[in-house]
1. Separation between the E60 and I86 pseudo-spin-labels, each 7 Å from Cα along Cα→Cβ, expressed in nm?
2. For the stretch 21-83, what percent of Cα pairs sit more than 18 Å apart?
Amino acid sequence: MTLTQIVGAVDALSQASWSGPLEERRAQVGLLRDIFGDLFNPAALSPEWITDTAVALSREMYHSRDFSAMPILADALQDAGCDSKIVLAHCRGPGPHVRGCWVVDLVLGKS
């Protein structure tokens with residue numbers, strides 16, 4: 001993630017009200033987790049896991065902003081040998097997933 005993306009995310013959150021309803025705060029935290037992952041337990045992708053299939057899926061999700069293929073990305077990464085529980089759980093988790101998702105960015109080399 002670039003400094004510009006981090007500043008943009010922080011700026012967007014600073015405009016949101018943290019005193020709002022609990023559901024809104026949970027949604028904001030979910031977005032932060034999708035973009036930054038677990039900062040205390042970071043995950044990485046081995047280059048051999050980044051196959052043409054994983055890149056194509058990630059690129060399509062990034063451009064369309066439709067992240068419904070995240071479980072398929074998990075399968076593609078796993079088929080390539082990915083054994084990272086953090087990566088696979090994130091891809092198969094309920095989300096939310098948005099442009100800037102840390103796994104998609106890692107696959108596309110944006111991080």
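No value in this document is a laboratory result; all are computed from the given coordinates. Keep in mind the model is a prediction, meaning the values are calculated, not measured. All Cβ positions, even for glycine, are placed from backbone atoms using ideal geometry, and neighbour counts span all protein chains on display.
1. Taking the two extended label points, one gets 2.8 nm.
2. Taking all Cα-Cα pairs of the stretch 21-83, the fraction more than 18 Å apart is 50 percent.
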